[in-house]
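First the structure, in the form of structure tokens, and then the observations on it.
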Amino acid sequence: MSRVGVLAIQGDVAAHARILMAIGAEPVPVLREEQLPELDALILPGGESTTISKGMDRLKLWDPIRAFARSGRPLLGTCAGAILLARAVERAPVPTLGLLDAVAVRNAYGTQVDSFAAEVDADAAPGLAGLRCVFIRAPQLASLGPAVEILARVDGRPVLVRQDNLLAATFHPELTADPRLHTLLLSGVSGDGV
């Protein structure tokens, strides 16, 4: 059974854990560097990127998470997690891990009241057709580097990208019953994907 960490500073850790259990993985809430070597994959969940960033400062997790990603193990950032993966941030910048060759534009779709759900465009990567995306104060990804592959778009904008062992989603996959994004993360553990 794969052990998948979910950074537990803030965000819907329990919803990610439910999906992971449903697909046969063991979820592990992560708050300490010592937990990372025991994990097969890691999720940086959505939430508020400033709060998560400050928590990562307090827990001294910046370099350990960078080392985790550089080890080649799969890492998924969703919404705020995607912001933290980016090389730079626009609109109220926060410190980032600088791992994903993209610029995250915070709150690009508006405020909380502008939240919405939409299906991915028809040109999504195989296996992702009809994927429903929930956007809550969501970022957009811009200035993608050449190594960044777009797996799905909504209204022509990238919402799911992959760079080597990194996946970044500008939406909240844990808020639907669809396990495909978590399954895609686990395919990187087995070497079948990501």
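So here's what we get for this one:
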{"quantity": "Linear extension gain, Ile23 paired with Ala118, 0.36 nm per residue minus alpha-carbon span", "calculated": "31.8 nm"}
{"quantity": "Helix-only CD estimate at 222 nm, as mean residue ellipticity for the chain, using -39500 (n - 2.57) per DSSP H run (n ≥ 4)", "calculated": "-7000 deg cm²/dmol"}
{"quantity": "Prolate/oblate/rounded call for region 78-135, Cα gyration tensor, a/c under 1.5 rounded", "calculated": "oblate"}
{"quantity": "Cβ crowding within 10 Å averaged over residues, with 171-183, 141-153, 73-85 ranked highest first", "calculated": "73-85, 171-183, 141-153"}
{"quantity": "Relative contact order of region 127-189, pairs being alpha-carbon contacts under 8 Å that are 6 or more residues apart, as %", "calculated": "32"}
{"quantity": "Gyration tensor verdict on the chain (Cα atoms; rounded if a/c is under 1.5, prolate if a/b is larger than b/c, oblate otherwise)", "calculated": "rounded"}
{"quantity": "Relative packing of peptides 108-120, 157-169 - highest average C-beta neighbours within 10 Å first", "calculated": "157-169, 108-120"}
{"quantity": "Most to least packed among 25-34, 47-56 [average Cβ atoms within 10 Å]", "calculated": "47-56, 25-34"}
{"quantity": "Residues whose placed amide H lies under 5 Å from that of Glu119, excluding near-sequence neighbours", "calculated": "Cys133"}
{"quantity": "Inter-label distance for Ala88 and Ile150, nm, one decimal - labels placed 7 Å from Cα along Cα-to-Cβ", "calculated": "2.0"}
{"quantity": "Around Asp63: net Lys/Arg minus Asp/Glu count, Cβ-Cβ under 11 Å", "calculated": "+2"}
{"quantity": "Cα-based shape type of region 1-79, given that a ≥ b ≥ c are square roots of the gyration tensor eigenvalues and the cut on a/c is 1.5", "calculated": "oblate"}
{"quantity": "Length-normalised contact order of the chain in % [C-alpha pairs under 8 Å, at least 6 apart]", "calculated": "19"}
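None of the figures in this text is laboratory data; all of them are computed from the coordinates on show. This is a predicted model, so every value here is computed, not measured. In this analysis, Cβ positions are derived from the backbone assuming ideal geometry, glycine residues included, and neighbour counts consider all displayed protein chains.
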